[in-house]
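Below: the structure, in structure tokens.
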Amino acid sequence: MPALSANSPLGIEAHRILKDVFGYSSFRPGQEDVIASILDGISVLTVMPTGSGKSLCFQIPALVRGDGLTLVVSPLVALMEDQVAALKLDGVQAATINSSRTRDTNVATWRTVQSGETRLLYISPERLMTERMLTALGCLNLVQIAIDEAHCISRWGPSFRPEYEALSRLAELFPGVPLSAFTATADEATRQDISAKLFNGQGRIFVSGFDRPNISLAVEIRREWKRQLVDFVGARPGDSGIVYCLSRKKTEAAAELLVKNGFRALPYHAGLDSAVRAENQDIFMTEPGVIMVATIAFGMGIDKPDVRYVFHANLPGNMEAYYQELGRAGRDGAPADAFMLYGMDDIRQRRIFIEDGDDDDDNKRREHKRLDALIAYCEAPQCRRRALLAYFDEASEACGNCDICLDPPVLEDGAVHAKNVLGAIEQTGHRFGAVHVVDVLLGKDTEKIRSLGHQRLPAYGIGSDENKDTWRSIIRQLVAAGYLRLDVAGHGGLNLTESGRSLLDSAGAFRFRRDPAHRKSSGSRGPKKSATATPDLPEADQTLFAALKKLRLEFAQERGVPAYVIFRDRSLVDMAANKPANEAEFAEVFGVGEAKLRDFALPFLALIDEFSEASENPSP
């Protein structure tokens, strides 16, 4: 395994660039091995948690190999624009050619690329894989091709994009040029698929773990989703967040609900005009305290570090999609929340989506299994994070930062309850969903029961000692545990699996947990910090931190870039805590390289000095 030795010429240069250009004193875990492999000409696939510094893994080799061009393939125009803006503020010669720019601008950019001035060129897969662009690039000195959001190339990934498949030709078109692929979201099947397509399985795969310990995980049964959403958001006033909904209609309804309740919320879905989507995304990225209510059309590549929560109003498509979506919270490492509502209707809808898709039967079975894993996560009786990480083959201890760890459920012996449910399903002919099965168990007098004669079944009324919510919860847990499955073709009817039949016919064990009685959403419990505060600073420095954020926003608005592109919050925390008094001290601030020292030291030092004088000489 290569190592980036601080004593080798390439290692010395990499460490110098890390400090002088990007303002960091040391590499994060996992970065050095990836960088060393790329510098050795080895193709790599790197899976790192969001916020772990994936971009530096290809940006630093691009600058170490200063005599050639690194091509960066990125799926979204907005993401390319932000990354290029950030690199330019760090003094790096980076550029992008994309559809949001005029032809004249793109032509002028290409001339700088041809001249050798540009170190990193960001481009979409669609534009890259045209014969004209491939021919033109063949005349240049390419030293690396980096593919961001690499899970898009795999049909097993959470965001497959057909245009990414053409990238499988790159190894053949540019032999000898190392390919580096990066993603935060890829299970074993996805990783092997990416590796096979990009470099025929011959490169190295680095997996740096999947845990995001700063994100608190919670799941709640959907009862009154509007009330649950307003309670959750209301407990986090002033915070930026993302609310995911399954449909465009629900997205619009949720955004309107939040606006009506006094929150600044914007919708985002594929049915909106592209100009409206772009404007809403720009507002979300550049202004504080905005809530984006969206379908899954929003989010890939969004690098907003201070998203304090991701709220799922519906069940995501599978565990990978869920992990990718919740990963948009807390990229700055500060505490954040991932909160999900779900119910049986979600499971049925997701099964229908899979069955109605174009995949063959084998792929559909694979997708059902992936959905099974997410359902099991939702009904997990023990630490949620352990269930999430286990899906990615990562072992962990109980996290202490999920709803189950913080409020452990009491498990009850449910063997009799399970047999009653399974028996009712068997006796009614495996044709009905949870609503009718529960009515039979409760002994309800409904027209449907009378017309079918189900009041004469042995199961009729056998469960009258429990309430409707308990039986619905038990059915969900039986589905999650694999004793029942939803017959999508049969309009959501419940069927016994082999395990379920075995449990019905034998003396097997089944333990279940009762859902809490109707209560205030667990997502709204407990005191929350002000959105302008940071836990890393004493109260005395919070005013300075807020003023630094305001100054940062002014610079960001002048340049038309997100605030984090100027400085991340961690840099401002460093300034507020250590109060640099001169340029030499400012150069030691986290994230301050030579270019930012030149461009921003004086105004930020002046503001810090103003606050220091005020604290030393308070007004009488």
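The values are calculated or read from the model by the stated rules, or taken from the named source; none is laboratory data. Owing to the predicted nature of the structure, the values given are computational and were not obtained by experimental measurement. Cβ placement follows ideal geometry from the backbone for every residue including glycine, while neighbour counts extend to all protein chains displayed.
Where strands (runs of 3 or more DSSP E) fall wholly inside segment 383-499, the ranges with 3 or more residues that are buried (at least 20 other Cβ atoms within 10 Å of the Cβ) are 493-496. The residues of segment 126-141 that are touching a strand residue (DSSP E or B) at 6+ places or on another chain (Cβ under 8 Å) and either among the aromatic types (Phe, Trp, Tyr) or surrounded by 14 or more Cβ atoms within 10 Å (Cβ to Cβ) (or both), listed by number, are 128, 133, 137, 140. Within segment 136-151, residues that are in contact (Cβ under 8 Å) with a residue 60 or more places away in the chain have Cβ atoms under 6 Å from residues that are of a type in the set (Phe, Trp, Tyr) and assigned to a strand (DSSP E or B) in these pairs: 148/182; 150/182, counting only partners at least 6 apart in sequence or on another chain.
Going through segment 265-289 one residue at a time, which ones are buried (at least 19 other Cβ atoms within 10 Å of the Cβ), of a type outside the set (D, E, K, R) and in contact with a strand residue (DSSP E or B) (Cβ under 8 Å, 6 or more places away or on another chain)? Of everything in segment 265-289, those that are buried (at least 19 other Cβ atoms within 10 Å of the Cβ), of a type outside the set (D, E, K, R) and in contact with a strand residue (DSSP E or B) (Cβ under 8 Å, 6 or more places away or on another chain) turn out to be 265, 266, 267, 268, 269, 280, 281, 284. Cβ-Cβ contacts under 6 Å between residues 6 or more apart (or on different chains), taken from a first residue in segment 179-197 that is in a loop (DSSP other than H, G, I, E, B) to a second residue that is at pLDDT below 90 and among the β-branched types (Val, Ile, Thr), are listed as 184/50.
So which residues in segment 107-125 are of a type outside the set (S, T, N, Q), surrounded by 16 or more Cβ atoms within 10 Å (Cβ to Cβ) and assigned to a helix (DSSP H, G or I)? Lay out the reasoning, then the answer.
The initial filter retains those residues of segment 107-125 that are of a type outside the set (S, T, N, Q), namely 107-108, 110-111, 113, 116-117, 119-123, 125.
Narrowing the set further to residues that are surrounded by 16 or more Cβ atoms within 10 Å (Cβ to Cβ) leaves 110, 113, 119-123, 125.
Result: 110, 113, 125.
Screening the candidates 361, 356, 345, 332 for the property of being under 29 Å from residue 48 (Cβ atoms) and surrounded by fewer than 24 Cβ atoms within 10 Å (Cβ to Cβ) yields one hit, 332. The set of residues from segment 442-465 being within 44 Å of the chain's Cα centre (by Cα) and hydrophobic (A, V, I, L, M, F, W, C) comprises just one member, 442. Within segment 86-104, one or more residues are part of a helix (DSSP H, G or I) and over 21 Å from residue 566 (Cβ atoms). If only residues of segment 255-299 that are of a type outside the set (Ser, Thr, Tyr) and in contact with a Cys (Cβ under 8 Å, 6 or more places away or on another chain) are counted, the one that is nearest to residue 325 (Cα to Cα) is 294.
Yes/no matrix, rows are residues, columns are (1) over 22 Å from the mean Cα position of the chain (by Cα); (2) farther than 30 Å from residue 571 by Cβ; (3) not polar (S, T, N, Q):
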{"residue": "91", "(1), (2), (3)": "yes, no, yes"}
{"residue": "106", "(1), (2), (3)": "yes, yes, no"}
{"residue": "120", "(1), (2), (3)": "yes, no, yes"}
{"residue": "125", "(1), (2), (3)": "no, yes, yes"}
{"residue": "136", "(1), (2), (3)": "yes, yes, yes"}
{"residue": "146", "(1), (2), (3)": "no, no, yes"}
{"residue": "164", "(1), (2), (3)": "no, yes, yes"}
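Scanning segment 72-83 for residues that are among the aliphatic types (A, V, I, L, M) and either surrounded by fewer than 24 Cβ atoms within 10 Å (Cβ to Cβ) or more than 21 Å from residue 115 (Cβ to Cβ) (or both) yields 73, 76, 77, 78, 79.
Residues in segment 549-559: is at least one in contact with a helix residue (DSSP H, G or I) (Cβ under 7 Å, 6 or more places away or on another chain), under 17 Å from residue 332 (Cα atoms) and among the aromatic types (Phe, Trp, Tyr)? Scanning segment 549-559 turns up no residue that is in contact with a helix residue (DSSP H, G or I) (Cβ under 7 Å, 6 or more places away or on another chain), under 17 Å from residue 332 (Cα atoms) and among the aromatic types (Phe, Trp, Tyr).
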